[in-house]
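Structure record follows, encoded as structure tokens.
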Amino acid sequence: MPIQSSYLHSDMKRDTSKITNLTRVEKVEMRGIVKQFPGVLANDRIDFDVHAGEVHTLLGENGAGKSTLMKILYGIYHQDKGEIYVNGKLVNIRSPLDAIRLGIGMVHQHFMLVPTLTVAENVALGLHSSRKFLLDLDIVSERIKELAKVHGLYVDPGAKVWQLSVGEQQRVEILKILYRGASLLILDEPTAVLTPQEVEELFHVLRSMLNRGYSIIFISHKLHEVLSLSDRVTILRDGKVVKSLPIVGVNKEKLACLMVGREVLFQVEHPSVKLGKVSLALEGIWVQGDENLPALRGIDLEVYSGEILGIAGVSGNGQRELAEVIAGLRKPTKGRVFIKGTEVTNWSPSQLLEYGLSYIPEERMRDGTIQKFTVEENLILKDHIHQPYADGIFMNFKNIARESERRISDFDIRTPSRYTSLKSLSGGNIQKLILARELSRNPGVLLAAQPTRGLDVSATEYVHRQLIEQRTKLKTATLLISDDLDEILSLADRIAVIYEGKIMGVVKRNEVSVGELGMMMGGVHKDKIK
Amino acid sequence: MEVIIIGIAKSAIRLATPYLYASIGETIGQLSGVLNLGVDGVMLMGAFSAFYTVLKTGNLILGLLVAIVVGAIFGLLIAFINVTLRAEQGISGIGVYIFGLGLSSLLFRTMVGTVQAVSGFPPLFIPLLSNIPIVGEIFFRQNILVYGAFALIPISWFILNKTPLGLSIRAVGQHPEAADSLGVNIVRIRYLTVIFGGMLSGVAGASLSIALLNVFQQNLTNGMGFIAVALVYFGAWRPLSVLTGALLFSTVNAIQIWVQVKGINIPSDFTLMLPYIVTIVVLAAMAKRYVRPPKALNKPFERGE
């Protein structure tokens with residue numbers, strides 16, 4: 001079965017690049033792979049293989065070793081021990097270029113695209129030009145169009161990448177590796193940033209590629225997607241293979257149990273609470289975005305004490321700006337913000353903190369913590385200038401130590417010690433640390449932006465429980481901003497849908513269907529549905 | 001009046017030359033992600049080595065070549081410090097500047113001693129074009145290094161935008177991980193741009209000592225290399241805009257020189273300040289533009305981070 005002969009033929013005729021003329025990857029085998037990082041055995045004698053025409057999924061929590069294993073296959077890391085065979089032949093993959101030459105392509109979780117360049121330029125990057133010292137972007141564009149047509153990956157070759165939606169950018173990533181003749185695709189959490197509709201489209205494309213003889217390694221921890229796409233699944237935990245099994249007859253609960261090593265609750269309990277007063281209110285908020293265009297256009301919202309209001313929407317519709325304006329990090333051009341009845345428009349972030357706002361930022365590494373500081377220092381940031389952590393101009397190390405030890409144990413932060421530098425913690429533990437700091441302040445209003453993005457099942461479960469508990473026991477007014485519709489549906493009491501900086505409607509969670517939410521996320525106002 | 005304007009315009013074109021060489025070199029280096037603040041030091045070394053070669057041999061072409069080689073050696077040094085050793089680029093550049101300043105002064109004092117003149121590149125009249133009234137006088141009766149500097153603008157634009165090499169350079173400065181994942185050799189590209197930038201800085205220095213001023217003295221450049229770095233920001237990493245900036249700056253300079261020569265009654269301290277004030281004002285005014293430096297500027301690259 002030839003891989004879409006049309007473009008390979010045209011390729012040979014034009015001889016644009018030496019490396020696109022590849023034999024198909026029929027079988028890749030990784031045997032006994034060992035990779036040691038300082039302090040962590042990331043991969044411990046892992047066996048893994050994939051055949052043409054199948055999807056083999058790598059499932060595991062963050063830090064289980066999935067990405068490391070795939071980065072070894074793609075030449076970004078090199079294994080300490082173990083062999084890799086491609087079509088039965090032992091190979092030594094020392095760089096991404098070696099992997100590309102073997103027909104292996106990888107779509108990284110964080111896209112490897114240069115935003116200031118066009119689609120065609122991103123594809124042509126690193127390739128020999130058919131015109132030697134002159135770029136052949138016109139030829140590249142033509143071939144992108146051919147490939148796009150064959151695989152249903154439509155995108156404008158002349159568009160700058162920063163102008164594209166996340167879904168389109170992902171298509172460019174896939175086109176980029178197809179263009180290089182890859183027949184084994186490694187997809188590292190490809191659905192993390194997509195809307196439900198885009199996920200469907202992607203799976204459709206991938207299935208038709210399987211029929212053409214491509215093979216796919218799929219990395220994910222979204223279980224329903226794993227079940228719907230995979231042929232086989234290999235589960236990793238702590239760098240070891242727990243189990244490798246065909247997907248037939250497997251269910252979500254079983255996968256979760258294998259992955260985490262215990263049973264997992266998918267549905268969070270949601271006890272009803274008597275609502276209090278309005279704790280957070282926004283009145284006609286307008287805000288400029290980074291590109292100097294209005295990112296929010298007249299937002300009105302009210303969050304009551306004792307409720308979680310979820311902001312649903314496709315990413316990039318003003319969610320980040322909304323969080324920043326409430327946290328005092330971005331000035332509104334129009335409109336007013338109230339916390340507990342007091343107008344707080346244009347207050348500084350520190351004034352807002354003092355007034356009872358806690359903020360779990362979207363970028364937990366950049367905005368939520370200081371990576372070079374220790375766990376202890378990060379735990380008391382924001383309150384470090386007050387009693388009991390400071391006496392006048394001096395820090396009170398005894399109190400700091402006591403309080404941080406308490407938080408580390410209460411919030412189950414897995415760290416060697418409180419002196420450990422933050423950057424050696426996993427994403428889940430960093431998020432627990434942020435929760436510990438923000439929730440210990442007993443906030444009246446909690447602003448949680450993408451609180452579980454990139455977290456694994458256990459950490460997500462933990463964050464969800466904490467948010468519900470905070471709402472139920474302490475009646476905190478929570479504004480939950482999340483791109484993950486499942487998360488909004490399982491946590492929020494009411495849901496506001498944001499589209500191009502406007503609220504398309506606010507609905508009670510139990511009075512709305514996923515379909516209706518999907519339409520609102522696509523820009524249909526609530527009143528226009530039905 | 002006409003004569004005055006022609007005179008000032010002609011001298012503005014001449015004076016733009018060292019800035020153009022140095023700024024274009026710096027632009028290409030920065031586009032690949034390497035900030036080099038040592039331009040002025042490399043210019044001084046280029047200026048001295050060209051001057052000394054011409055003083056001893058009288059061979060202008062040889063002088064120019066020596067300046068290019070010296071510039072390349074300094075470029076190699078800068079690339080080694082910044083790319084291989086992954087130094088903090090802002091600081092290492094200042095080190096290179098002081099090194100170039102000191103070494104060129106030392107060599108000048110021990111090998112030459114007193115300020116003396118050499119005969120530099122003569123004006124090269126372009127046939128036909130140099131006979132056009134006014135325009136011919138301003139543009140086409142300059143020396144060869146002036147023509148070279150202006151030719152560099154379209155050449156660098158072409159390389160950056162129309163060749164695979166230029167594409168790699170731009171990608172490496174914006175998103176080195178992406179370029180690396182497609183097999184682009186980050187280290188090689190950065191060495192290439194920085195060494196090329198060093199060569200151009202050498203030429204910039206030579207253009208002062210064997211084409212425009214035809215002398216060498218301690219600190220001959222007087223901070224021109226730093227202005228060249230400022231022009232890169234002014235030009236937003238685009239050769240054509242760098243040219244605009246260089247011309248603005250050299251025009252103010254030419255006026256300043258004319259005012260001094262004419263003995264017009266303005267304190268010379270003030271006129272000398274003028275070009276720098278213009279630079280600061282214009283850069284401050286441009287700060288609001290929506291142009292960002294290459295994302296990976298000043299960031300050493302390491303695979304798998």
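Quick notes
- The longest part of chain A holding none of the exposed loop GluC sites (Glu not before Pro), meaning those outside H, G, I, E and B in DSSP with at most 12 other Cβ atoms within 10 Å, is A:1-262.
- Per-residue Cβ neighbour rank within 10 angstrom, fewest leading, A:VAL34, A:VAL314: A:VAL34, A:VAL314
- Residues whose amide H comes within less than 5 Å of that of A:GLU26, counting only those at least five positions distant or on another chain, are A:ASN87 (H built at 1.01 Å from N in the peptide plane).
- Inter-chain Cβ neighbour average for residues A:121-129, partner chain, 10 Å: 6
- Length added when fully stretched, A:LYS331-A:SER421, from 0.36 nm per residue minus Cα-Cα: 29.1 nm
- Counting only Cα atoms, the size of the stretch A:71-191 along its three principal axes is 44, 36, 26 Å, in decreasing order.
- Amide H within-cut-off set for A:MET106, under 5 Å, with H built and near neighbours excluded: A:ILE186
- Cross-link table A:LYS66/A:LYS149; A:LYS35/A:LYS423; A:LYS81/B:LYS299, entries beyond 25 Å C-alpha to C-alpha: A:LYS66/A:LYS149; A:LYS81/B:LYS299
- Cα long-axis angle, helix B:224-234 against chain B (0 to 90 degrees, to the nearest 10): 60
- Dividing the convex hull volume of the alpha carbon atoms of the stretch A:10-258 by its residue count gives 127 Å³ per residue.
- In this rough spin-label picture, where each label sits 7 Å from Cα along the Cβ direction, the A:LYS81-A:ALA159 distance is 4.9 nm.
- Dipole-positive endmost among A:LEU422, B:VAL146, B:GLY173 within the protein assembly as shown (Cβ charges, Cα centre): B:VAL146
- Among B:TYR21, A:TYR154, sorting on how many other beta-carbon atoms sit within 10 Å of each Cβ, with the fewest leading, yields A:TYR154, B:TYR21.
- The protein assembly as shown - mean residue ellipticity at 222 nm from DSSP helices (-39,500 (n - 2.57) per run, n ≥ 4, rounded to 500): -14500 deg cm²/dmol
- Rounded to whole numbers, the Karplus 3J(HN,Hα) couplings from phi for the stretch A:270-280 are 9, x, 7, 9, 7, 6, x, 7, 5, 9, 10 Hz, using 6.51 cos²θ - 1.76 cosθ + 1.60 with θ = phi - 60°, and x at Gly and Pro.
- Förster radius 45 Å - calculated FRET efficiency between A:LYS149 and A:GLU29, Cβ distance, rounded to 0.05: 0.85
- The length gained on full extension between B:LEU165 and B:TYR147, counted as 0.36 nm times the residue separation minus their Cα-Cα distance, comes to 4.0 nm.
- Computed over neighbours whose Cβ is under 14 Å from that of A:LYS502, the net charge equals 0, Lys and Arg +1, Asp and Glu -1.
- Debye, to nearest 20: dipole size of the stretch A:149-229, +1 on Lys, Arg Cβ, -1 on Asp, Glu Cβ: 320
- Kirkwood-type radius of the protein assembly as shown, with distances r between different C-alpha atoms, in Å: 30.6
- Shape category assigned to the stretch A:373-509 from the gyration tensor of Cα positions, a/c cut at 1.5: prolate
- Under 20 Å from the A:LEU381 label point (7 Å along Cα→beta-carbon), backbone N, the stretch A:327-367: A:327-330, A:348-367
- For B:LYS56, no lysines have a Cα closer than 30 Å to its Cα, not counting residues fewer than 8 places off in the same chain.
- In sequence order, calculated HN-Hα J values of the stretch A:481-496 (Karplus, 6.51, -1.76, 1.60; Hz; x Gly/Pro): 9, 8, 7, 8, 4, 4, 5, 4, 5, 8, 10, 6, 8, 10, 10, 10
- Mean-position separation - Cα centroids, the stretch B:1-25 and the stretch A:91-148, in angstrom: 43
- Build a GNM of chain B with springs between Cα atoms under 10 Å apart, and of B:LEU200, B:LEU182, B:LEU192 the one that fluctuates most is B:LEU182.
- When the Cα positions of A:LEU59, A:TYR154, A:LEU164 are compared along the charge dipole of the stretch A:10-258, A:LEU59 comes out farthest toward the positive end, with charges on each C-beta of Lys, Arg, Asp and Glu.
- Full extension of the segment from A:ARG297 to A:ASP238, taken as 0.36 nm per residue of separation minus the current Cα-Cα distance, would add 16.6 nm.
- Placing +1 on each Lys and Arg Cβ and -1 on each Asp and Glu Cβ, with no other charges, gives the stretch B:1-115 a dipole about its Cα centre of roughly 260 debye.
- When the charge dipole of the protein assembly as shown is built from unit charges on Cβ atoms (+1 for Lys and Arg, -1 for Asp and Glu) and taken about the Cα centre, the candidate among A:LEU90, A:LEU301, B:PHE270 whose Cα reaches farthest toward its positive end is B:PHE270.
- Euclidean distance between Cα centres, the stretch A:235-294 to the stretch A:469-530, Å: 15
- Over all distinct Cα-Cα pairs of chain B, the Kirkwood formula returns a hydrodynamic radius of 19.7 Å.
- Relative intensity of the stretch B:1-152 on a log10 scale, I(q)/I(0) at q = 0.12, 0.18, 0.20 Å⁻¹, equals -0.63, -1.11, -1.22, per a Debye sum over C-alpha point scatterers of equal strength in the absence of solvent.
- The lysines within cross-link reach of B:LYS10, meaning a Cα-to-Cα straight distance under 18 Å and a gap of 8 or more places when in the same chain, are B:LYS262.
- Cα gyration tensor shape for the stretch A:396-470, rounded if a/c is under 1.5, else prolate or oblate: oblate
- Reach of A:LYS508 by Cα under 26 Å, taken over lysines that are not fewer than 8 positions away in the same chain: A:LYS222, A:LYS274, A:LYS277, A:LYS340, A:LYS473, A:LYS475, A:LYS526, A:LYS528, A:LYS530
- Nearest 10 degrees, 0 to 90: helix A:137-151 Cα axis against chain A principal axis: 80
- The stretch A:386-444 versus the stretch B:112-156: alpha-carbon centroid distance in Å: 68
- Per-residue HN-Hα couplings for the stretch A:218-225 [Karplus 6.51, -1.76, 1.60; θ = phi - 60°; Hz; x = Gly/Pro]: 10, 10, 6, 10, 8, 5, 5, 6
- Computed E for B:VAL135/B:LYS262 - FRET, C-beta separation, R0 30 angstrom, nearest 0.05: 0.75
- Cα→Cβ-extended label distance, 7 Å offset, between A:SER350 and A:ARG406, nm: 2.5
- Acute angle (nearest 10 degrees) that the helix B:2-31 long axis makes with the longest principal axis of chain B, alpha-carbon atoms: 20
- Amide H partners (placed H, <5 Å) of A:THR345, local residues excluded: A:VAL337
No value in this document is a laboratory result; all are computed from the given coordinates. A quick note: this is a predicted structure, and the numbers were derived from the prediction, not measured. All Cβ positions, even for glycine, are placed from backbone atoms using ideal geometry, and neighbour counts span all protein chains on display.
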